[in-house]
Amino acid sequence: MAKTTWKSGTMLFPVPPVMVTCGTMEKANVLTIAWTGIINSEPPMTYISVRPSRFSHKIISETKEFVINIANLPLAKACDFCGVKSGKSTDKFKEMGLELEPCKNIKTPMLKDAPVSLECKVVGVKSFGTHDMFLAEILAVNVDDKYIEEDGRLAIEKAGLLAFAHGRYYTLGRDLGAFGFSVDKTKENKTKPRKSKFMEILKIEEKIKDGTLKIKEKKPSLQRIIKNKKQSAKKNSSKFAGNKKNAKPHGKKLNAKPTK
Ligand SMILES: Cc1cc2nc3c(=O)[nH]c(=O)nc-3n(C[C@H](O)[C@H](O)[C@H](O)COP(=O)(O)O)c2cc1C
């Protein structure tokens, strides 16, 4: 099997397209970042690489904090939009119907609809040429309750996480097993693939919201999910992913090409 060698490039994929909030509750901005990752376990540390020309660069340099909001399918359109429009001239929160919530440890707010939001404190900056890498400690992790199971497990497979590969967005596909599945034959429950019911959940949420959920549509496998969704709908209807005025899970294709 032959391989063609191309000139060097940033062809590492998939990477997570995250929505990074910066600034304060009163004066916030959000931009999309794909150059991010984990760099240390204890203390938990991350980085974001930001071009100095970005409006957010100055804000993060000054406040020395930011929030990494993990993007999922309902946030896909907003995630792309925040990566092609600048806060210099656009109120991205207003345009995309994004709401903010205060964080516990920093002044920068998080996105209300992100399934997971990491509160980050900048501990260093390293310039490499095109991008400045903000090294940061993760001070806290905020998880949307709707993805926490009764036993306390984070059911991240239900979040419809996004991946970015070679200029395109994807949702995660099949679950192939848990960490260590290649060698572990005993912990069957832990290594058994979990089926993501994300699309079904999204439809159920929309139907509950519209009041169009019918008894005959209730598949036995989705009974428990429907019950939970109805309960959380009663508790907090604003938590539904599709309830933002302008946010649409399946947005039109944008023509603009992002430069990372
Ligand atoms: C999927 C995607 C990933 C991106 N990743 C980065 C990145 O890692 N670093 C960066 O500086 N810009 C990145 N961008 C571009 C910025 O998000 C974009 O320039 C944005 O408009 C900057 O917003 P601001 O001017 O309000 O700060 C990305 C854009 C997209 C669509």
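Taken together, the values in this text are just the output of simple stated rules run on the coordinates, not laboratory data. All of these numbers come straight from a predicted model, not from anything done at the bench. Every residue, glycine as well, gets a Cβ built from its backbone with ideal geometry; the counts of neighbours run over all protein chains shown.
For each pair in Lys64/Lys146; Lys112/Lys207; Lys121/Lys203; Lys77/Lys203, compute the distance between the two Cα atoms and list the pairs where it is over 26 Å. Beyond 26 Å between Cα atoms: Lys64/Lys146; Lys121/Lys203. Between Asp210 and Glu62, residue separation times 0.36 nm minus the direct Cα-Cα distance comes to 48.9 nm. Here the calculated FRET efficiency for Phe179 and Ser89, from their Cβ-Cβ distance with R0 = 51 Å, stands at 0.70, rounded to the nearest 0.05.
Counting 0.36 nm for each residue step from Leu135 to Met25 and taking away their Cα separation leaves a gain of 37.4 nm.
Excluding Arg54 itself, what net charge comes from residues whose Cβ is under 10 Å from its Cβ, given Lys and Arg +1 and Asp and Glu -1? Charge balance near Arg54 sits at +2. Which pairs break 21 Å Cα to Cα here: Lys27/Lys94; Lys58/Lys107; Lys107/Lys158? Beyond 21 Å between Cα atoms: Lys107/Lys158.
When Met45, Met25, Met1 are arranged by Cβ crowding within 10 Å, least crowded first, meaning fewest neighbours, the order is Met1, Met25, Met45. Here Glu206, Glu26, Glu65 are placed in order of increasing Cβ neighbour count within 10 Å, fewest first, which gives Glu26, Glu206, Glu65.
The fewest-to-most ranking of Thr90, Thr212 by surrounding Cβ atoms within 10 Å reads Thr212, Thr90.
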